[in-house]
1. Go through (1) buried (at least 18 other Cβ atoms within 10 Å of the Cβ); (2) at negative phi; (3) touching a strand residue (DSSP E or B) at 6+ places or on another chain (Cβ under 6 Å) for residue 184 and report which single condition fails.
2. Look through the range 60-72, keep the residues that are surrounded by 18 or more Cβ atoms within 10 Å (Cβ to Cβ) and in contact with a Phe, Trp or Tyr (Cβ under 8 Å, 6 or more places away or on another chain), and return whichever of them is farthest from residue 110 (Cα to Cα).
3. One residue is enough: does the range 196-206 have a residue meeting the conditions in contact with a Leu (Cβ under 6 Å, 6 or more places away or on another chain), acidic (Asp, Glu) and surrounded by 15 or more Cβ atoms within 10 Å (Cβ to Cβ)?
4. Of everything in the range 183-194, what is in contact with a Phe, Trp or Tyr (Cβ under 7 Å, 6 or more places away or on another chain) and not in a strand (DSSP E or B)? Give them in sequence order.
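All of the numbers you see were taken from the coordinates with simple rules; none came from a lab. What you see is a predicted model; the values in this text were computed from it and never measured. Methodologically, a virtual Cβ is constructed for each residue, glycine included, from the backbone with ideal geometry; neighbour enumeration extends over all protein chains shown.
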Amino acid sequence: MKLAVFRAILLFIFMPFAGNASAYWMEVKGSGKLNEAVHIEVCYGNIDEFSIRHRDTGIELTRAGDFEISIQDERGNKTALPMIRKADCWEATFIPAHTGIYRILGINDSHPVVDRSKTGGKNIRPVDYLCAAYRVGTGKMISNPAQLLDIIATGKNGLMAVKAFKDGRVVEPKTPLRVFNPENWEKELLTNEQGEAIFKPTMPGLYIIREDWEDPSPGNYKGVAYSAVRHRCNYCLQVSAEEIVAE
């Protein structure tokens with residue numbers, strides 16, 4: 001009986017991502033050195049029934065080009081970056097001129113309303129945020145939020161501390177955050193009194209940390225009425241093999 005309960009708990013806490021689920025994310029590629037180009041790829045795709053992530057190239061990729069991408073340095077200075085379309089992503093590029101940790105930010109508030117009126121559901125206006133960090137040498141990451149939904153992650157001794165914000169303040173205690181590991185298995189975290197949660201990465205690769213909030217304020221966008229706004233922030237965390245510390 002105890003073994004069965006333990007297995008049930010594991011399945012609840014660490015579940016595979018639902019088949020055919022779709023999302024936006026960023027992949028940041030660079031050498032980590034001064035004066036060498038950093039490539040930011042904004043992607044849209046789905047997770048298949050085998051938990052494999054695929055990039056899409058249809059209409060949703062076209063809409064990914066509506067993201068406004070910027071970088072923020074340690075001093076809080078923000079710089080907007082133009083994007084160009086590639087075969088399976090949109091790409092922005094910047095060249096770090098000084099050492100430190102750069103925050104990479106994105107917002108897309110121009111999605112069409114998800115209209116469910118014909119099926120009896122409620123209409124939702126989606127707003128998406130993206131964020132990541134890129135280190136050049138040494139330095140501290142700016143700790144203040146820069147978007148309505150924002151996430152800041154810091155690693156130490158093989159653990160990752162995640163701090164979530166909403167509207168300029170840390171989120172309420174027990175706010176759920178979802179973590180998708182490189183194999184797209186999902187784990188739920190609950191924030192503490194300081195708006196933080198901790199998890200241990202177990203393999204190198206891309207982790208996506210998600211914060212959701214539904215604002216029940218109704219409105220009208222581009223002629224379509226909606227009853228709520230779904231805000232979603234995806235923090236895109238690239239973990240290297242060197243950052244995985246054995247217990």
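1. Failing condition for residue 184: (2).
2. 72
3. No, every residue in the range 196-206 fails to be in contact with a Leu (Cβ under 6 Å, 6 or more places away or on another chain), acidic (Asp, Glu) and surrounded by 15 or more Cβ atoms within 10 Å (Cβ to Cβ).
4. So in the range 183-194, the residues in contact with a Phe, Trp or Tyr (Cβ under 7 Å, 6 or more places away or on another chain) come out as 184-187, 189.
Scanning the range 183-194 gives a single hit, 184.
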